[in-house]
Amino acid sequence: MSKSFHTEKAAMRAAFDKAATSYDAAAILQREVADRMFERLDYIKVNPVTVLDAGCGTGYCAPQLQTLYKDAQLIELDLAPGMLQVAKAKEGGGLKKLWASLRGQGAAYLCADIESLPLADESVDVIWSSLTLQWCNEPDAAFAEFTRVLKPGGLLMFSTLGPDTLKELRASFAAVDNKEHVNRFIDMHDLGDALVKNGLSTPVMDMEYLTMTYESAKAIMQDLKDIGAHNVAEGRSRGMLGKAAWQKIVAKYETFRRDGLLPCTYEVVYGHAWKPLTKPAKKNADGSQIIEFRPRQA
């Protein structure tokens, strides 16, 4: 995989930590995508014991996951401790938190990387991951980990960003130089192949374009900063851009203005897949294979 897809994890964690308190006010797209994922989940019937919210951010999805799966243990996981602190604060405290805990509805919080999950094999029934995979160095590693921790018959449901995301911003920076100024994202078909390669079955993928509009290029950059979406790709430009360069970037972005507003395009990819009900093949003494089947939980 090209180095342009790789991110510096320490820089990414620092960016999201710094953005934790400003994230919710700017995360309009993130909430919209999560809501659209829940609409897709309406058509899938599962009865999980354990649900992992992989890349939970500030915890927007937690209340609805807990409402959908009242008897399930919810694990809220994120790479940035600052995001987890905000998510945990939303859960509240005192009698409310105690009552939720007694009813088994309180969430558990875990600071970790989805490419290296500190969870036991076959310990999770549903993995929910909204707009997180695009920050991985290797989606293969995340999918392999998801397969490992899912129980047979378990469900992975995710959203991520495709290559046309921030295409206007990328084109505007290209007017200045050919360095990496904007994170790059992986094609939907490659993600589907990676799901199957890493042991997940019957993947369903779809994609749509969502466009945010802004008054100015400065407002676009501020929104990206407020949600922690800095360029953290390896090989990115390290130098500060001068005033003349910024003027060129803004002038190029202005060519995209329509109906008085500047567009900011996101290619949103949705997918879900299942962990097969079969266990890895075992062999008899004569070398023939033993295949075991496990029923999917109702």
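What are the aspartates and glutamates whose alpha-carbon lies under 16 Å from the alpha-carbon of Lys70, with same-chain residues fewer than 8 places away excluded?
Asp42, Asp53, Glu91, Asp125
For Thr132, tell me the accessible area in Å² from a 1.4 Å probe, rounded to the nearest 10.
Number for this one is 20 Å².
Under a point spin-label approximation (7 Å from Cα along Cα-to-Cβ), what is the Cys111-Val250 distance to one decimal in nm?
A separation of 3.8 nm, rounded to one decimal place.
Taking 0.36 nm per residue of separation and subtracting the Cα-Cα distance, what length does fully extending Asp42 through Lys90 add?
On the way: separation 48, 0.36 × 48 = 17.28 nm, distance 2.49 nm.
That works out to 14.8 nm of additional length.
In whole Å, how far is the Cα centre of the range 23-39 from that of the range 175-192?
Using only Cα atoms, the two centres lie 22 Å from each other.
Put Phe256, Phe173 in order of accessible area, largest first, 1.4 Å probe: what do you get?
Details: Phe256 55, Phe173 15 Å².
Ranking Phe256, Phe173 by accessible area, largest first, yields Phe256, Phe173.
Starting from the residue with the highest accessible area, list Ser116, Ser129 in decreasing order, probe 1.4 Å.
Working: Ser116 75, Ser129 0 Å².
Greatest to least solvent exposure: Ser116, Ser129.
Per 5 Å bin from zero, what fraction in whole % of the C-alpha pairs of the range 9-158 is there, up to the bin with the longest pair?
Taking all Cα pairs of the range 9-158, the binned fractions are 2, 9, 19, 23, 22, 16, 7, 2, 0 percent.
So, how do all the Cα-to-Cα distances of the range 108-207 break down into 10 Å bins, in percent, from 0 on up?
Here the calculated profile for the range 108-207 is 14, 43, 26, 13, 4, 0.
Report the accessible area of Leu65, computed with a 1.4 Å probe over the heavy atoms of all protein chains in place, in Å² rounded to the nearest 10.
10
Just read off the accessible area of Ser159 with the full protein assembly in place, 1.4 Å probe, to the nearest 10 Å².
0
Between Leu261 and Lys9, what is the spin-label point distance in nm, taking each point 7 Å from the Cα along the Cα→C-beta axis?
With each label point 7 Å from Cα toward Cβ, the separation is 3.9 nm.
How much length is gained on full extension from Thr211 to Asp121, taking 0.36 nm per residue of separation minus their Cα-Cα distance?
Gain on extension, Thr211 to Asp121, equals 28.5 nm.
Quick check for you: with a 1.4 Å probe and neighbouring chains kept, what is the accessible area per residue of the range 150-273, in Å²?
On the way: 5850 Å² over 124 residues.
Here the residues of the range 150-273 average 47 Å² of exposed surface.
Which value results for Rg/Rh of the range 1-79 when Rg is the Cα radius of gyration and Rh the Kirkwood radius based on the inverse mean 1/r? Show your work: numbers first, answer last.
Details: Rg = 15.0 Å, Rh = 14.5 Å.
Result for the range 1-79 is an Rg/Rh of 1.03.
The values are calculated or read from the model by the stated rules, or taken from the named source; none is laboratory data. The model shown is predicted, which means the values in this text are computed figures rather than measured ones. Note: ideal-geometry Cβ built from the backbone for every residue, glycine included; neighbour counts use all protein chains shown. Side chains are part of the model used for accessible areas, which takes the heavy atoms of the whole protein and leaves out ligands, DNA and RNA. Shrake-Rupley method; radii C 1.70, N 1.55, O 1.52, S 1.80 Å.
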